[in-house]
């Protein structure tokens with residue numbers, strides 16, 4: 001009888017452990033989708049800022065326009081970026097606590113930089129979180145440094161590529177303006193802005209939603225809910241893809257208007273022609289990286305493209321804003337590494353101290369986030385700052401005035 005009772009106790013204990021693990025997995029998957037939502041509104045400015053700043057689309061329509069293309073990427077792209085992200089932490093080290101700490105750090109960073117109106121990288125925040133949590137869990141041997149190097153190279157290369165392409169595109173557009181006698185606000189450029197903004201939004205969804213997919217897939221694999229053959233790529237369930245692309249699209253609809261304000265109005269003064277150039281630079285960098293399976297920062301690409309278009313158009317850029325933006329790019333990785341490292345260590349406190357510590361962190365951060373979202377600037381606030389078209393014309397350099405800023409042609 002004693003043996004039977006022991007077996008019953010063992011089965012009950014195992015069942016309770018499985019239930020707790022499943023509950024934890026569900027909670028962390030939900031947290032991953034919260035991160036994805038923050039990615040959506042944090043990076044909505046990548047395409048929305050250009051069409052809003054030039055009045056090509058009404059602000060409230062622009063976010064829905066962008067969200068549509070965010071989600072449409074689900075039906076076209078694969079999961080190369082997701083696999084790169086999923087392999088940041090080596091198998092055996094990417095447990096529930098590691099993924100929780102990484103996501104928590106990335107969410108804190110996204111909300112902080114959004115509140116400051118700073119276009120920083122959600123992607124690098126997530127990678128930094130994974131590295132910090134992985135280091136806390138298993139030391140440097142737990143990190144797949146080859147995967148991290150891809151991100152490190154992209155931090156330097158992608159802004160330079162996007163800036164250069166936008167600059168060259170601006171010169172090409174200037175040539176087209178002279179050849180076809182087009183004003184900088186011609187309907188041709190407004191139409192091209194819509195097409196290129198849709199492409200930027202598509203690229204944002206294609207690259208950034210996959211990062212959340214990669215994190216969820218790594219979590220499911222580490223807890224035995226997703227089988228992975230050694231050395232092979234993850235086969236991601238359809239429900240994970242739908243949830244990830246849906247969450248990023250919803251975040252875009254909510255709109256991170258503070259960053260849209262910075263990208264569209266504070267880096268430089270955009271016009272329909274320079275808006276096209278900015279989008280071309282961003283699209284080139286984002287699509288190139290996505291094709292190579294590199295988790296590029298779509299924000300770095302888009303912001304650098306806006307700066308490149310501003311320089312190429314002759315309007316110039318706000319060096320103070322650009323300097324603050326670049327500083328945020330530099331500190332993203334070390335800050336999120338530290339945040340995730342500390343968060344993971346809190347999960348390893350003895351007994352009830354871990355639950356109390358994590359509960360306190362979640363409560364404090366949650367209250368701060370709710371307060372910030374309730375006091376955020378809105379689309380109406382940004383619209384009020386956009387100068388009328390005749391005022392925009394006055395910001396153009398003299399040589400462009402000589403060529404004519406006439407009625408849209």
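Report the extension gain between residue 239 and residue 145 in nm, rounded to one decimal, defined as 0.36 nm multiplied by the number of residues separating them, less their alpha carbon distance.
Using 0.36 nm per residue and subtracting the Cα-Cα distance, I get 30.9 nm.
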Hey, rough spin-label estimate for residue 171 and residue 345, points 7 angstrom out along Cα→Cβ, what's it come to in nanometres?
-> 5.1 nm
Specify the angular offset, from 0 to 90 degrees and rounded to the nearest 10, of the alpha carbon long axis of helix 122-138 from the longest principal axis of the alpha carbons in the chain.
-> 20 degrees
Sum -39500 (n - 2.57) across every DSSP H segment of at least 4 residues in the chain, then divide by the residue count to get the 222 nm mean residue ellipticity, nearest 500.
-> -25500 deg cm²/dmol
Taking each pair of different alpha-carbon atoms in the chain once, compute 1/r for the pair, average those values, and report the inverse of that mean as the Kirkwood hydrodynamic radius in Å to one decimal.
-> 21.9 Å
Using label points projected 7 Å from each Cα along Cα→Cβ, tell me how many nm separate residue 378 and residue 180, to one decimal.
-> 3.9 nm
Peptides ranked, highest mean first, by Cβ atoms within 10 Å: ranges 38-48, 345-355, 202-212 | 38-48, 202-212, 345-355
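Determine one quarter of the surface area of the Cα convex hull of region 19-79, which equals its mean projected area, and express it in nm² to one decimal. All intermediate terms of the calculation are to be shown ahead of the outcome.
Working: hull surface 22.1 nm².
The number I arrive at for region 19-79 is 5.5 nm².
What FRET efficiency comes out for the pair residue 76/residue 353, r = Cβ-Cβ distance, R0 = 35 Å, nearest 0.05? Let's see the in-between values first.
Details: r = 47 Å, r/R0 = 1.35.
My answer for the efficiency is 0.15.
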Inter-label distance for residue 30 and residue 360, nm, one decimal - labels placed 7 Å from Cα along Cα-to-Cβ | 2.3 nm
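Considering every Cα-Cα pair within region 225-340, what fraction, in whole percent, is farther apart than 26 Å? Don't skip to the answer; put the middle values down first.
Values: 2401 of 6670 pairs.
So the pairs more than 26 Å apart make up 36 percent of the total in region 225-340.
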With Cα coordinates, the longest principal axis of the chain makes an angle with the long axis of helix 145-180, in degrees rounded to 10, of 20 degrees
First obtain the Kirkwood hydrodynamic radius of region 28-121 from its Cα pairs, then insert it into the Stokes-Einstein equation at 4 °C and 1.567 mPa s, and state the resulting D in µm² per second as a whole number.
-> 85 µm²/s
Hey, if you drop one equal point scatterer on each alpha-carbon of region 292-383 and run the Debye formula without solvent, what base-10 log of I(q)/I(0) do you get at q = 0.10, 0.11 Å⁻¹?
-> -0.51, -0.60
note: region 170-295, Cα-Cα separations exceeding 21 Å make up a percent value of 55 percent
Convert 4 °C to kelvin, take the viscosity as 1.567 mPa s, use the Kirkwood radius over C-alpha pairs of region 85-218 as Rh, and evaluate the Stokes-Einstein diffusion coefficient in µm²/s, rounded to a whole number.
-> 74 µm²/s
Using alpha carbons only, how many degrees (0 to 90, rounded to 10) separate the axis of helix 59-72 from the longest principal axis of the chain?
-> 50 degrees
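Starting from the Kirkwood Rh over alpha-carbon pairs, what translational D in µm² s⁻¹ does region 95-154 have by Stokes-Einstein at 10 °C and 1.306 mPa s?
Numbers: Rh = 12.0 Å.
Answer, rounded: 133 µm²/s.
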Name the residue, out of 279, 318, 185, whose mean-square fluctuation peaks in a Gaussian network model built on the chain with Cα pairs under 10 Å.
-> 318
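We did not get these values from a lab; they are worked out from the coordinates using the rules stated. Quantities reported herein were computed from a predicted structural model and do not represent experimental measurements. In this analysis, Cβ positions are derived from the backbone assuming ideal geometry, glycine residues included, and neighbour counts consider all displayed protein chains.
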